Amino acid sequence: MGGRHTKEALRALNIDAPDETVRKSVYENWDRVAKPLDGMGRFEKLLAQIGAIQGRAEIDMAKKAVVIFCADNGIVAEGVSQSGQEVTLAVTKNMAAKSSSVGRMAACIGADTIPVDVGINYGETIDGVLDRKIRCGTRNFRVEPAMTEEEAVRSIFTGIEMVSYCKERGYCLLATGEMGIGNTTTSSAVAAALLGVPASQVTGRGAGLTDEKLRRKCKVIEEALITYELRDADPVRILETVGGLDIGALAGLCIGGALYHVPIVLDGVISMTAALLAERIAPGTKAYLLASHKGKEPATEKLAAALELSPVIDGELALGEGTGAVMLFSLLDMALAVYQDGNTFADMQMESYRRA
């Protein structure tokens, strides 16, 4: 992206709509496949969306990757998480070695994982991890805003630029991933502010909080929403005040998908919070997003409704890292095999079904 990384530059971004002519062509191609009309259900709609985004009815999903933004969150100092920041570094190193959950799952279907350090609280580069560090973790938002405006905007542009980076390397379908202890707290705070609801409605147990710690987590978030007057606030201000560097970068990845016409598969609640943030910053972004799964965190349903997205998988997943998005990758691959290689009515010398 050219120009300075400023809030004004974000406001100037223009999102074009996906190609509706191509969408129609994909639906027509589906109807030629020897199957009942709409027999592949929502997967017909999803592939039509991917075709419209890519601008071609010959859909390409050959090279896929999960972009995993890793960052620490200062709010963990308030006892809102079960683990400490050392876990962020340890899991990121496992991701670099392709030995974390998402790495093993992606390997099963030939997808790549790209871990990116945007804010791990660690001063050295990590082998196998892209270094895009903005700062060593955010500040404790109970004491002060998590970031400066400049840091928040940089995180968004980092995500946008990752789409360009990936597209130049031939990736045609991307998924969102994240790693960062405390990021269910930051995402709950951002979601509550964006949706205008009490913290209790969008805050879950994360990696397994006790009832007492869950109450503490909700209290910390609700106090911040009131103290910083974040109801109906500017989305960038919400991010810089109570958000995380991973959430900012994920929002940028969503916006980048819209700008560079690369479909983005969302993972769980943190990705979906970032997606709503992206849509509020750059309206029209949501047309380039696919929701993979309905997670266990309570905010997911409200975020999906606000984005007008319908998650495909209802498996009570809560692993993060991009694992749910990788599961959707595999389902999309199977649907594409039917779309591209399935017998047509013409092949079978049969009369095709007709729409009423």
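Scanning segment 188-195 turns up no residue that is in contact with a strand residue (DSSP E or B) (Cβ under 7 Å, 6 or more places away or on another chain) and polar (S, T, N, Q). P283 passes every criterion in (1) over 25 Å from G110 (Cβ atoms); (2) assigned to a loop (DSSP other than H, G, I, E, B); (3) touching a strand residue (DSSP E or B) at 6+ places or on another chain (Cβ under 7 Å); (4) of a type outside the set (K, R) apart from (3). When the residues of segment 50-75 are filtered to those that are in a helix (DSSP H, G or I) and in contact with a helix residue (DSSP H, G or I) (Cβ under 7 Å, 6 or more places away or on another chain), which remaining residue is surrounded by the most Cβ atoms within 10 Å (Cβ to Cβ)? Here the answer is I75.
Look through segment 211-244, keep the residues that are without any contact (Cβ under 8 Å) to a residue 60 or more places away in the chain and not in a helix (DSSP H, G or I), and return whichever of them is surrounded by the fewest Cβ atoms within 10 Å (Cβ to Cβ).
Filtering segment 211-244 for residues without any contact (Cβ under 8 Å) to a residue 60 or more places away in the chain gives 211-212, 214-215, 218-219, 221-222, 225-227, 229-235, 238.
Of the ones still in play, those that are also not in a helix (DSSP H, G or I) are 229-234.
Details: E229: 11, L230: 20, R231: 14, D232: 9, A233: 16, D234: 14.
The selected residue is D232.
When you go through A305, A337 one by one, which is the residue that is within 25 Å of C172 (Cβ to Cβ), small (G, A, S), loosely packed, with under 14 Cβ neighbours inside 10 Å and out of contact with any Asp or Glu (no Cβ under 9 Å at 6 or more places or on another chain)? Sole residue among the options that is within 25 Å of C172 (Cβ to Cβ), small (G, A, S), loosely packed, with under 14 Cβ neighbours inside 10 Å and out of contact with any Asp or Glu (no Cβ under 9 Å at 6 or more places or on another chain): A337. Of all the numbered requirements in (1) under 21 Å from the mean Cα position of the chain (by Cα); (2) under 16 Å from L10 (Cβ atoms); (3) in a loop (DSSP other than H, G, I, E, B); (4) of a type outside the set (D, E), R205 misses one, and that requirement is (2). Applying a threshold of 8 Å to beta carbon distances and a minimum spacing of six or more residues, or different chains, the list of pairs starting in segment 81-98 at a residue that is modelled with pLDDT of 95 or more and ending at one that is among the aromatic types (F, W, Y) reads L89/Y122.
Residue-wise test of (1) out of contact with any Ser or Thr (no Cβ under 8 Å at 6 or more places or on another chain); (2) under 30 Å from G55 (Cα atoms); (3) part of a helix (DSSP H, G or I).
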{"site": "F157", "(1), (2), (3)": "yes, yes, yes"}
{"site": "I160", "(1), (2), (3)": "yes, yes, yes"}
{"site": "Y165", "(1), (2), (3)": "yes, yes, yes"}
{"site": "Y171", "(1), (2), (3)": "yes, yes, no"}
{"site": "G177", "(1), (2), (3)": "no, yes, no"}
{"site": "A189", "(1), (2), (3)": "yes, no, yes"}
{"site": "L194", "(1), (2), (3)": "no, no, yes"}
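Scanning segment 16-49 for residues that are surrounded by 17 or more Cβ atoms within 10 Å (Cβ to Cβ) and outside any helix (DSSP H, G or I) yields P18, D19, V33, K35, M40.
If I ask for residues that are assigned to a helix (DSSP H, G or I) and either over 13 Å from S188 (Cα atoms) or without any contact (Cβ under 8 Å) to a residue 60 or more places away in the chain (or both), which ones from segment 287-307 would you list? Walk me through how you get there before you give the answer.
Pass one, segment 287-307, residues assigned to a helix (DSSP H, G or I): 287-288, 299-307.
If the condition is that a residue be assigned to a helix (DSSP H, G or I) and either over 13 Å from S188 (Cα atoms) or without any contact (Cβ under 8 Å) to a residue 60 or more places away in the chain (or both), then A287, Y288, T300, E301, A304, A305, A306, L307 are the ones that fit.
Of all the criteria given as (1) part of a loop (DSSP other than H, G, I, E, B); (2) at pLDDT 95 or above; (3) touching a Gly at 6+ places or on another chain (Cβ under 7 Å), the one not satisfied by G324 is (1).
The values are calculated or read from the model by the stated rules, or taken from the named source; none is laboratory data. Source: prediction; values computed, not measured. No Cβ is skipped: glycine too gets one built from the backbone with ideal geometry, and neighbour counts run over all protein chains shown.
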